[in-house]
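Report on the structure given below.
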Amino acid sequence: MSPDERERLHAVWADRPGLLGFLGTVDHKRIAARYIVTVVGLLFLSGMLAIDMRLQLSQPDMRRMGPQQYNEAFALHGSTMLFLISVPVMEAMALWLVPLMLGARNMAFPRLAAFSYWLYLGGVLMLWLPHALGITPDLGWFEYPPLSGPAYSPGHRADIWAQMITFTEVAALAASVNVVATILKMRPPGMTLARMPFFLWAMLVASLMTIFALPAIMLATSMLIADRLVSTQFFAPAAGGDVLLFQHMFWFFGHPEVYIIFVPAVGFVSSIVETFSRRTLFGHVPMVLSILAIGVLAFGLWVHHMFAVGLPRLGNDFYTAASMAIALPAGLQMFCWIATMWSGRPRFATPLLWVIGFIATFVIGGLSGVMTASAPLDLQLTDTYFVVAHLHYVLIGGALFPLFGAFCYWYPKATGRMMSERWGVVAFILIVGGFNLGFFPMHVLGLEGMPRRIYTYGPDMGWGTLNLVATIGSAIAMLGGIVLTGNALISLWRGKPAGADPWGAPTLEWAARSPPPQHNFEEVPVVTSIAPLWRHGDLPVMTGLATDRREVLVTSVIDAVPQYRHHSVGPSLWPFVAALATSGMFVASIFTPWAVVWGAIPIGVALVLWFWPRRPRSATGPLARR
Amino acid sequence: MNARGAIAGLALIPFLLAGCSREARQLASDQPQTAPSGPADPRTARYAANFYQVSQGGRYFTWYGCGDCHGRLARGAANLANGSRHAVEALYTAIAAGQSGAHSDYAARVPAEQIWQMAAYLHDLSRHEPARNRRNALDQQGEPQGNRWQGPLQ
Ligand code: HEM
Ligand SMILES: [Cu+2]
């Protein structure tokens, strides 16, 4: 590519400067970075809430929080952690990485990605702005009717929670559709499905799961809002409704959700293990099959969250067996990772340390999971601190540790700088150590009968010491989180320059510059193996994409045969405006049903303008003459 | 344009704050033990138009079977449905002592907090949609219904 062409390419893909450029950008890396920065801010806020709760529980009979405040604290903490952090951050990683790993210049639907972020931000504000005004949902992260119904939750707290879900789920659907289309239709020539890196399989499965799981909860929360706003009777047993319907629909989403969080984490772990063991993944095919199996099985387990509501015994038995079955593919993956490390030449840099922390912690979480999956035992353990311990082991150990590993692993790519290894190890030890110190005692507390969601307990219960230990552990973990963030921030200026491929990794994103330019790659790479950068010192490329307009390559689904050059849309304010209009409709519709009618008009206008055809033919062709 | 946006935002704040006091939810601590001291009683503001207190008031209205004489929407005896015409403390007195002696001993039988809540409920009632009232009643069918209670829902 001549310097001339290179310059043109730059200019074509560049964002406009200033506020309009900021609001209108469709650069997947900028959008993903916004997601991640928002998530880090929320992790801090929600972590402070957690510390607040832990201080309250550190001793018996503490009075620093009342019952109402405690209810609000765990509801806000749980909802934020799951709906506003765990799920979106995985989508953000996909938005950032997928095009780079495909050697592509942008996502399949660039404006949809922008829309997804703005709507997600709307969801964040939906929950946290009212909190700042003292109106906080107070029923936990799942709000069952009738408790959340009109007669028991007057006011708008429950509506705020339910509508926050609508926001985040629409955003998640937008992001997932985009990821699926990008992975299936924009792979570089030669990257057949058989040569697709495992990470992309994980993101594909997670996105498909999102598409199938989320409509259930949006429906459930919308029905709840309808019950509360226009007095429908979906969840009123006295009029033939059914409260359990809500629980079924919630958990039909809720169980797959934990895999929607976990499956991308499996992708991170596999990438890291591969790179740092310096060999391709042991058992790539079984790994792919097992992740597909997880994707399917995960939809058949939801009732294990409902063992205590009194469903027929046979049903409980079935779901116990199904829950145990999913341990098989998950276990298989563990063995494949261990075999990869065993047979490779592992280098224990921070990303790999996080993987080891993940394996140790997630195995404990998996074991407590097998315990709670057994219906008779669950009747004893449900709603105790055992469950709190279990859910934090799987969510923090199973999703956040791999995420931290991924963060350290791809940080040089994103910023062009290396993070300090020394401080990375310090953060790792503080977080993993503090976490285990903080949460392991909760298993024991649960077995001793301490219920979850209580704001205090009497001295005669004998839970004081373990709770104090738990609080100290959480504080240490929080300190580690601050070290990790500090390291990331300081390394932005102080870090060593990274170069394109500091870890000697095999996948395409490492062929781009660090940080990647807005168009990612100058030419489309051609792939001949599953680990392209290990195969070729100098990557073969395909030329022919335009340099004077935004063009991407569309290829066939299975064999990635080039099909056509697709015009990729440029920056636009309309996704932002459409998200604004949608947010207005969502917010107003917890106050009046008419908002759905009148609110549809601005949304319609925004969408029409968003999709207004700009093809040259529409100005010069037969259509223009009319 | 930004300045105008900011002003519009500022103008919204009083409404938002008013919304907040309606949403406030005080539990257990400082329950009133006494009747209102008069129109200036500061507690009135905490009860009137507060979603939680009004909802609790509606609940006790059903539990104590007030609807048996006054009607579920309080349009029966003494037509209370226009409670907003009466001050909260007047409603309190009416519940606690009764007008015609029908419930002259309620002050001794019903805790003060619950009378406060029922007074707030009646004060607010004219603003409730009947459909919503019915919907709440559906959810509350398993709860006590005065003398007519049949036990919890099966
Ligand atoms: C150092 C970090 C953390 C600490 C100290 C912490 C602490 C707590 C505490 C004290 C509770 C309330 C338990 C109860 O009373 O029932 C809780 C609940 C919860 N936490 Fe965390 N947490 C942390 C991180 C996380 C993360 C990272 C996630 C998810 C990714 C998470 C998800 C949840 C959920 C879903 C609940 C249940 C909320 C509910 O009962 O509705 N937590 N956590
Ligand atoms: Cu589950």
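No lab work stands behind these numbers, since they all come straight from the coordinates. Please read all numbers here as calculations on a predicted model, not as lab measurements. Reconstructed Cβ throughout: ideal geometry from the backbone, glycine too, with neighbour counts over all protein chains shown.
Set side by side, the residues A:454, A:476 differ, and just one is part of a helix (DSSP H, G or I) and either closer than 24 Å to residue A:387 by Cβ or within 16 Å of ligand 2 (Cβ to nearest atom) (or both), which is A:476. Among the residues of region A:307-323, the ones that are closer than 14 Å to residue A:369 by Cα, surrounded by 15 or more Cβ atoms within 10 Å (Cβ to Cβ) and of a type outside the set (Phe, Trp, Tyr) come to 3 in all.
For the condition in a loop (DSSP other than H, G, I, E, B), within 14 Å of chain B (Cβ to nearest Cβ) and more than 15 Å from the chain's Cα centre (by Cα), residue A:158 does not qualify. Could you list, in sequence order, all residues of region B:50-68 that are within 11 Å of chain A (Cβ to nearest Cβ) and not in a helix (DSSP H, G or I)? Selection gives B:50 alone.
A residue that is within 30 Å of residue A:606 (Cα to Cα), without any contact (Cβ under 8 Å) to a residue 60 or more places away in the chain and near ligand 1 (Cβ under 10 Å from one of its atoms) can be found somewhere in region A:82-89.
Rundown of residues vs (1) small (Gly, Ala, Ser); (2) more than 26 Å from the chain's Cα centre (by Cα), yes/no style:
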| residue | (1), (2) |
| --- | --- |
| A:445 | no, yes |
| A:454 | no, yes |
| A:469 | no, yes |
| A:472 | no, yes |
| A:491 | yes, no |
| A:503 | no, no |
| A:530 | no, no |
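Of all the numbered requirements in (1) surrounded by fewer than 19 Cβ atoms within 10 Å (Cβ to Cβ); (2) within 14 Å of ligand 2 (Cβ to nearest atom); (3) among the small types (Gly, Ala, Ser), residue A:298 misses one, and that requirement is (1).
Check whether at least one residue in region A:355-367 is more than 16 Å from ligand 1 (Cβ to nearest atom), exposed (fewer than 15 other Cβ atoms within 10 Å of the Cβ) and among the β-branched types (Val, Ile, Thr), and report yes or no. Among the residues of region A:355-367, not one is more than 16 Å from ligand 1 (Cβ to nearest atom), exposed (fewer than 15 other Cβ atoms within 10 Å of the Cβ) and among the β-branched types (Val, Ile, Thr), which makes the answer no. Please specify each residue of region A:232-267 satisfying the condition of being within 14 Å of another protein chain (Cβ to nearest Cβ) and buried (at least 23 other Cβ atoms within 10 Å of the Cβ). Those that are within 14 Å of another protein chain (Cβ to nearest Cβ) and buried (at least 23 other Cβ atoms within 10 Å of the Cβ): A:235, A:236, A:246.
For region A:28-71, give me each residue that is more than 30 Å from residue A:568 (Cβ to Cβ) and charged (D, E, K, R). The answer is A:52, A:54, A:61, A:63, A:64.
Quick one: in region A:513-533, of everything that is in contact with a Ser or Thr (Cβ under 8 Å, 6 or more places away or on another chain) and either surrounded by fewer than 19 Cβ atoms within 10 Å (Cβ to Cβ) or among the small types (Gly, Ala, Ser) (or both), which residue is farthest from residue A:270 (Cα to Cα)? Step by step, filter region A:513-533, then rank; the result is A:523.
One residue alone among A:52, A:27, A:61 is more than 16 Å from ligand 2 (Cβ to nearest atom) and at positive phi, and that residue is A:61.
Could you grab me the full set of residues in region A:399-423 that are buried (at least 24 other Cβ atoms within 10 Å of the Cβ) and among the small types (Gly, Ala, Ser)? Matches in region A:399-423: A:399, A:405, A:406. Applying the criterion of at least 1 residues that are within 27 Å of residue A:206 (Cβ to Cβ) and within 14 Å of another protein chain (Cβ to nearest Cβ) to the helices (runs of 4 or more DSSP H) found wholly in region A:1-96 leaves A:67-79. Identify, please: which residue in region B:126-154 is touching a residue at least 60 places away in the same chain (Cβ under 8 Å) and either touching a Leu at 6+ places or on another chain (Cβ under 8 Å) or assigned to a loop (DSSP other than H, G, I, E, B) (or both) and is, among those, farthest from the other protein chains (Cβ to nearest Cβ)? The selected residue is B:146. Residues in region A:531-548 that are in contact with a helix residue (DSSP H, G or I) (Cβ under 6 Å, 6 or more places away or on another chain) and under 30 Å from residue A:20 (Cα atoms): A:547, A:548.
From the list A:383, A:378, the one residue that fits, being within 15 Å of ligand 1 (Cβ to nearest atom) and of a type in the set (D, E, K, R), is A:383. Within region A:185-231, can you find the residues that are within 14 Å of chain B (Cβ to nearest Cβ) and polar (S, T, N, Q)? Residue satisfying the conditions is A:231 alone.
One line per residue, one yes/no per condition, for (1) within 16 Å of ligand 2 (Cβ to nearest atom); (2) over 24 Å from residue A:355 (Cβ atoms); (3) free of Cβ contacts under 8 Å to residues at least 12 places away in the same chain:
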{"residue": "A:217", "(1), (2), (3)": "yes, yes, no"}
{"residue": "A:240", "(1), (2), (3)": "no, yes, yes"}
{"residue": "A:253", "(1), (2), (3)": "yes, yes, no"}
{"residue": "A:279", "(1), (2), (3)": "no, no, no"}
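How many of the residues making up region A:405-428 are of a type in the set (Val, Ile, Thr) and within 24 Å of the chain's Cα centre (by Cα)? Total satisfying the criteria: 1.
Of the residues A:26, A:40, A:98, the single one that is surrounded by fewer than 23 Cβ atoms within 10 Å (Cβ to Cβ), more than 11 Å from ligand 1 (Cβ to nearest atom) and β-branched (Val, Ile, Thr) is A:40.
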